[in-house]
1. I want to confirm something. Restricting to segment 471-522 and keeping residues that are polar (S, T, N, Q) and modelled with pLDDT of 95 or more, which single residue is surrounded by the most Cβ atoms within 10 Å (Cβ to Cβ)?
2. Is there a residue in segment 36-46 that is in the same structural domain as Thr483 (by TED's automatic domain parsing), at pLDDT 95 or above, among the acidic types (Asp, Glu) and crowded, with 21+ Cβ neighbours inside 10 Å?
3. For segment 209-268: of the residues being charged (D, E, K, R) and buried (at least 21 other Cβ atoms within 10 Å of the Cβ), which is farthest from Trp36 (Cα to Cα)?
4. How about segment 8-40: which of its residues are of a type outside the set (A, V, I, L, M), touching a strand residue (DSSP E or B) at 6+ places or on another chain (Cβ under 6 Å) and assigned to a helix (DSSP H, G or I)?
5. Report whether or not Ala60 is touching a helix residue (DSSP H, G or I) at 6+ places or on another chain (Cβ under 8 Å) and of a type in the set (Gly, Ala, Ser).
Amino acid sequence: MIAILQFDCVSLPHFHQFLEEGRLPAFAQLRGRGQWLPLETPALQWEGATYFTLYSGKDANEHGIYSPFLWSAAEQRVRPQDDYPIPEAVWERLARSGKRSLVIDPYEGKPPKSMKGKAVCGWQFKHKVTLRRWSVPRGLDRQLERRFGGPSLVEEVYGRPSVPYLTRMRDRLLAAPERAADLATALLAEERFDLIWITLSSSHIAGHWFLDPSRLPQDYPDPRMKAEIDGTLGDAYAAVDQALSDILASLPPETDLMVISPSSMGPSASRTPLLPGMLQAVLSEKGVERSATKADGSSLWRLRAALPSDLRAWVARMMPDQWAMQLTARLEMRGVDWTKTRAFMVPSGDCGYLRLNLSGRERDGIVDPKDADQVLDHIASGLLTFRDPDGRLAVKNVEFVSRSLKDRTPSNPFPDLIVHWSDRLPPHLVGVSSPQFGDVPSSGWGSGRTGEHRDEAWALVIPGSSKMKTPAKPPHIMDIAPTVCAVLGVDPEGLDGQPLLEPGSTGTTYEDMFPSRGRATS
């Protein structure tokens with residue numbers, strides 16, 4: 001058996017601080033027995049590709065899923081990622097060899113086409129984009145809810161967060177890891193699995209919203225509530241650590257174990273809501289004062305700024321998940337005049353993604369392919385002139401994706417440029433300015449998140465029935481799926497990574513570290 005447990009997307013400085021303070025005793029015990037491996041990850045470029053790369057063992061450039069919403073050049077519109085082929089997850093590959101998996105809450109995971117074992121998504125908490133409800137076998141989630149109770153809904157609504165919104169999120173994140181541990185303990189006591197894959201996402205969502213409480217609105221009704229909100233990140237990490245302890249106490253003694261974080265979390269310095277206005281300023285024939293002008297691709301950010309986050313959360317709550325995804329996709333490019341649009345922002349996250357409206361690639365493209373490089377150079381050089389109110393540069397660098405991919409066909413959903421923002425934290429509610437292109441004001445609070453993805457991924461590997469294998473190249477999150485295959489004797493053909501374990505026991509067990517809660521047998 002091999003167990004992959006995701007202590008998902010931790011901030012390493014905070015993680016090490018909490019370890020030193022003794023708040024993560026389970027991980028501290030594992031750290032003394034295992035080998036820490038830094039992992040390469042696509043998170044800095046393609047944060048939305050991280051989990052599909054992790055689960056499939058395929059490179060992001062191959063599977064092409066880099067965002068919950070992707071551009072369809074043939075239709076000149078944005079579509080939810082559900083409308084695109086999803087790469088096969090490793091538990092689907094295992095099923096073809098008769099191997100059984102227990103999968104709990106794969107972040108951004110989709111219902112498998114074929115799987116042996118059991119899987120539930122949206123179990124610890126539901127999330128309308130990344131943890132939508134499904135189960136294998138179908139109906140298993142309802143059956144388990146009658147036994148354990150139902151999950152709560154964690155809502156991520158961009159904009160200025162209210163105190164009730166933050167308090168509600170805190171309470172639900174702290175309660176979630178115990179649900180995963182209780183379910184895993186019960187199912188492991190009842191039947192045998194070859195792969196255990198459990199994602200503990202409370203640390204991930206807590207990092208997005210509570211990494212830097214000083215950047216949240218400070219209108220708390222009393223000091224006690226402020227203290228609770230300020231302590232949410234540490235409390236969430238501690239809850240995940242306790243769940244780790246409980247899950248490990250249920251594993252067979254010689255289980256191969258990997259505790260992983262497929263990306264890390266750092267302070268949010270994103271200025272992505274400003275990017276449509278910056279792009280419009282650069283491509284305008286005139287100098288700008290853009291405050292009264294609608295920038296192409298910015299309608300969704302204007303809507304977020306105009307409506308309170310609690311109201312938008314209520315509306316989303318009333319809608320089926322698929323409706324919410326389709327509505328968001330439709331709003332992304334609402335009102336764009338494609339006859340005049342040379343470039344536009346496709347759905348973006350921490351970085352900004354820009355794409356040319358290229359003739360022969362986009363259905364309504366207007367940029368001649370022979371002029372594409374010149375237009376991209378003009379955009380990149382123009383964006384690099386924008387500065388924050390303190391006079392320092394707002395953009396760190398602009399990456400030319402199209403030149404590395406060398407693919408400008410209609411089937412390629414990738415942007416042409418990635419805008420990487422300065423690491424310095426921008427003030428809320430302020431814009432940027434360029435001596436050449438003028439001012440681009442802020443339209444609102446932005447995403448409201450205080451943390452964003454970084455590239456410091458890692459794995460803590462504790463071999464049980466296997467032993468460490470010396471990697472031939474720097475370890476990558478793509479290596480996790482081939483490692484699972486190597487341990488379980490499954491053909492890894494077609495996977496892009498390398499195994500990090502090979503047959504040969506090291507004698508490591510967990511019985512002396514974690515008291516049994518009804519330990520399964522291998």
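The values are calculated or read from the model by the stated rules, or taken from the named source; none is laboratory data. Fair warning: this is a prediction, and the values are worked out from it, not measured in the lab. Here the Cβ is made from the backbone with ideal geometry for all residues, glycine too, and neighbour counts use every protein chain on show.
1. Looking at the filtered set, the residue picked out is Thr483.
2. no
3. Ranking the qualifying residues of segment 209-268, first place goes to Asp241.
4. Arg33
5. Considered against the rule, which asks whether it is touching a helix residue (DSSP H, G or I) at 6+ places or on another chain (Cβ under 8 Å) and of a type in the set (Gly, Ala, Ser), Ala60 comes out as yes.
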